[in-house]
1. With the cut-off at 14 Å, report for segment A:147-195 the share of all Cα pairs above it, as a whole percent.
2. Sorting D:113, A:92 on the 10 Å Cβ count, fewest up front, what's the list?
3. Using only C-alpha atoms and all pairs of different ones, pull out the Kirkwood radius for segment B:53-99 in Å with one decimal.
4. If chain B were replaced by its equivalent ellipsoid, with semi-axes equal to the square roots of 5 times the Cα gyration tensor eigenvalues, what would those be, largest first, whole Å?
5. Scan around residue D:157 for amide H atoms under 5 Å from its own, H built in the peptide plane at 1.01 Å from N, and keep only partners 5 or more places away or cross-chain.
6. Give the average, rounded to an integer, of partner chain Cβ atoms located within 10 angstrom of each Cβ in A:18-26.
7. For segment A:18-33, take each phi angle, set θ = phi - 60°, evaluate the Karplus expression 6.51 cos²θ - 1.76 cosθ + 1.60, and give the result in whole Hz per residue in order, putting x for glycine and proline.
8. What percent does the relative contact order of segment B:4-134 come to when contacts are Cα pairs within less than 8 Å and at least six residues apart?
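No value in this document is a laboratory result; all are computed from the given coordinates. What you see is a predicted model, and the numbers here were worked out from it, not measured in a lab. Note that each Cβ is placed from the backbone with ideal geometry, even for glycine, and that neighbours are counted across all protein chains shown.
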4 protein chains.
Amino acid sequence: MAKLYFRYGAMGSSKTANAIMVWYNYQERCKKALLIKPGVDTRDGEYRIRSRSGLVANCILFDQIDWNAVRAHEYDCLIIDEAQFLSTEQVDQLLPIVDEFDIPVICYGLKTDFRGEFFPGSARLLARADTIEEVKTICWCGRKATNNARLDGVGGITKVGEQVVLGASDKYIGLCRKHWLVGDPGPGLRAEDLARGAVPGVCGCAADGEDEEDEEI
Amino acid sequence: MAKLYFRYGAMGSSKTANAIMVWYNYQERCKKALLIKPGVDTRDGEYRIRSRSGLVANCILFDQIDWNAVRAHEYDCLIIDEAQFLSTEQVDQLLPIVDEFDIPVICYGLKTDFRGEFFPGSARLLARADTIEEVKTICWCGRKATNNARLDGVGGITKVGEQVVLGASDKYIGLCRKHWLVGDPGPGLRAEDLARGAVPGVCGCAADGEDEEDEEI
Amino acid sequence: MAKLYFRYGAMGSSKTANAIMVWYNYQERCKKALLIKPGVDTRDGEYRIRSRSGLVANCILFDQIDWNAVRAHEYDCLIIDEAQFLSTEQVDQLLPIVDEFDIPVICYGLKTDFRGEFFPGSARLLARADTIEEVKTICWCGRKATNNARLDGVGGITKVGEQVVLGASDKYIGLCRKHWLVGDPGPGLRAEDLARGAVPGVCGCAADGEDEEDEEI
Amino acid sequence: MAKLYFRYGAMGSSKTANAIMVWYNYQERCKKALLIKPGVDTRDGEYRIRSRSGLVANCILFDQIDWNAVRAHEYDCLIIDEAQFLSTEQVDQLLPIVDEFDIPVICYGLKTDFRGEFFPGSARLLARADTIEEVKTICWCGRKATNNARLDGVGGITKVGEQVVLGASDKYIGLCRKHWLVGDPGPGLRAEDLARGAVPGVCGCAADGEDEEDEEI
C-alpha cells in the first residue's frame, strides 16, 4: 500500500538534498525513482535540482510526466521537489498514482510563504497526504525554524507582497515562529548591523566589511 | 522553550481520549493543565469533554479563558479539544502564550471536513504550530484513516453541504483517502447492505436486523 | 504489509490507556483486535488490563494465545501491553505473524528499568520492530520523562536491586534523564519533604499531612 | 533544553549525508557544529566522513574531543557519525554535555549488526537518548529496510562471525526484516544469479556480464 508523503521544511532545511538522497537510494537498489520539479522556475534553462550543499541531479518538469509510463509501473517512486509550487489540480493528479497504481509519491516543499500563508501545493498536500513529516533546521536562536522570512534589505523582514517573485534578489531565511512574528532576522542582519557596514553572507551573518575565508564545503 | 502542538486525526481516532490523558498526566504530576473546548457546540449545557471510550473531564470554553491567569503562569499547559473549530484569531491568541510566556499549548482536532477542506482552526494550526503530529486510526480496509466522510444515509457518502451542522443526525466516519475518494463507506454501510435491512451500529457494521449482544466496552 | 510496532514510554505515560484505545478503535470498526499481556503479573487473578485513568479491558495472557487462530486470521491485530516482560523468544514468535500472516502487532512497554537497563522484551523489540514510537509524558520539571526511577522511600531513588519485584510496595515514577541521573524525585518526594511529614500522593506531590480534596478523575 | 538524539538507520540510508547536512545547516547559520567519528576505522588516514552520494566533510575522532572547549560552549552542537561504534562509556560522556551544558548531541548510526544484535554504542544510545528517530531506506522489495545483512558471497547472507571486520571485503546491504530472516539478498545477488555469471554492482543488481553505462551521480 503506497503512500503520498509531504515532507515540509523551512528555507534551508535540506529538502532538495533529501530529495536527491532518496532518489539516489532508489538507484542504488536498482529501482527507478523519477525526480520532478514544478515548471515554475526554469530560469536556468536546466532540468536539474541542486542542493545548497552541492548535490545535483537531473529531473523533469511536472508537465513532462509521461503518465502512461507511470501507470505502466516504469517507475518505483515519484519524488517531487519544490512541491509548494504544484497547483491543487497537480496534487490531485498524484492521488490515483498512489491509490490505484500503488506507487509511492514523495513531495518536498515549503509549508508557508514569507507572509505565513500556505502555498497552493502545500495546502493541498497537507489536506491529502497520507503522511506529513518535517524536515528540520534551526533558527539563528537555536530553536527549530518553522517559518520563512523575506528580508527587506534594511534590517527587518517583510510580510507583504506577491507570493512568488521570480528572479527577485530578495533573500529568504528560515526563522522560528517567535522571531518571524517579531521580525528579527538575527545577528548580522539587523538594522544596526547593516548600518555599520555589515555585509550579510550566505550564512546570514555579517562579514563586518572584512575579508574572511569561508570554511564551508 | 514551549511549543504549540497540533495533533490531528480522523473521526474516531481517540483525540479526545488523548487530550484527557495528557491532562490526567499533568494532574498526576501535580501540574495544572487547563482543558478547553471551542464554544461552538454547547448543546449539552455542560462544560465537559467526553471520549467515545468513556473518559470524561471538565473543561472550559475558549471564550472563558482567563488570559491574565494564563500569563501569570497559573497553568502549566493548555489543552484544547475540537481545535478545528477555533477561529484564525483564536489560534493567533495562543501564539504569545507559547512564545512569550513559555507555556505549551496542545491542540487536538480534525484536519479536514467531510468535503476534504480545512476547518479554519486546522488551517491556522497547520500553518503556525511548532509540531504537527498525527493521532492514527484505521479505515475499515485496514489502511490508515486520513479523511472524514459524512454518510448520506443511502449507502454512500456526501461531499457537499455546510461544514458544520449542529445537531444533525448525519453520521461521520473516518476513511482512508482511497475509500473517501470513491465514496465507499465499507461493509454494512453500503447501499446493498442497507437495502437488505442492515442497521448500521456504532461500529459502522450492520446488525442485519437481528438482535446481537454488543461485546464492546 | 503489516508491521511490528514498539511503542515505548516511561512510567505513567498512558501506555495501557493507549493500548485499550487502539483495541477499542478496532472494535468500533468491527475488526477484532486481541489484547494480550505477559504472564508475569497475575496476582489479581484477573485477565484484565487497567489504565491509571480508569479504562479497563479484558485480555488474555501471552501463553494463552491460540496461534492457529491467529494464523487463520481470526484477529485483525494483536495488541500487547507490558511488553517489556516478554522474553526474547516470545518476541521472536511474533515476527512470522507480521511477516508471513500480515497481521499487525502493536507492543506497548517500558524501554528501560529503574537501573537504566533494558528489559529483555524491550531490547528484542527495539532490535526487531519495524516501527519504534514514543508515548510521551513529562517529568516534574516539565521536560520529557524518559527514565524510570524506583523511589527508595527516604527521599531519593535507587538504582540497584532486582529488575522485577512483584508485589513490592516500591513506588516508581518517570523522570527526565537529568533528574534520574542525579536522583532527584522532585518536590514532595525529596528527603526534606518527607522529613517534615509530607505524604507522597498518587501525583508524587506531598499532602503535607493535611486533608485535601482530590480533584482528579 | 538540549537533547541527545539517536538517529538510526540501516546500511545505505544516508546517515552520513544527513550528518553532513545538519553540520552544513549549522555552518550556514554561523553556528559551530563539531563533526565527530569514533576512532575505530581510520584506515584511510583521514579525518573525514564521506557519504555514498559524494558529500565529504572534515571531522575529528571521538578521542580528540576537547571537552573543555565543549564545556566552554565553543560548539553549538556535536554531531557523531557511525555512533554504533561508540563504547558505553563514550555515550555516557555525552550525557552531561546535553543535560548540564545544554548542547545538543546528534548521533547517527546503525541499530543492529548483521547478526541482528545491538552494537554497544547503539544499545546505550537507545537506552539513554531523549529522542530516537529513524533514517529510512528501502529493501529491494520496496518495504522499509530495517536490518543489515552481510553477503556471504555465494548468494546468501551470513549471521555468524565477528561484529566488526575492518578491511573485510564482505558486502553489507540493508534488508527488511522478512528478507533478512529468510536470508534473501534480492535479485542479482542470489545464488542462481551469481551462478550465471552476474556481477553484483554498487546497487546490488547484477550486471549480467555486460557493460552498462552507469547513469548514477
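1. I get 46 percent for the Cα pairs in segment A:147-195 exceeding 14 Å.
2. Listing D:113, A:92 from fewest to most nearby Cβ atoms yields A:92, D:113.
3. Across segment B:53-99, the inverse of the average 1/r is 12.1 Å.
4. Three semi-axes, in Å: 34, 18, 15.
5. Amide H to amide H, under 5 Å and 5 or more residues apart or across chains, residue D:157 pairs with D:152.
6. 6
7. For segment A:18-33, the Karplus curve yields 5, 4, 5, 5, 5, 4, 4, 5, 5, 4, 4, 9, 6, 10, 9, 10 Hz.
8. 37 percent
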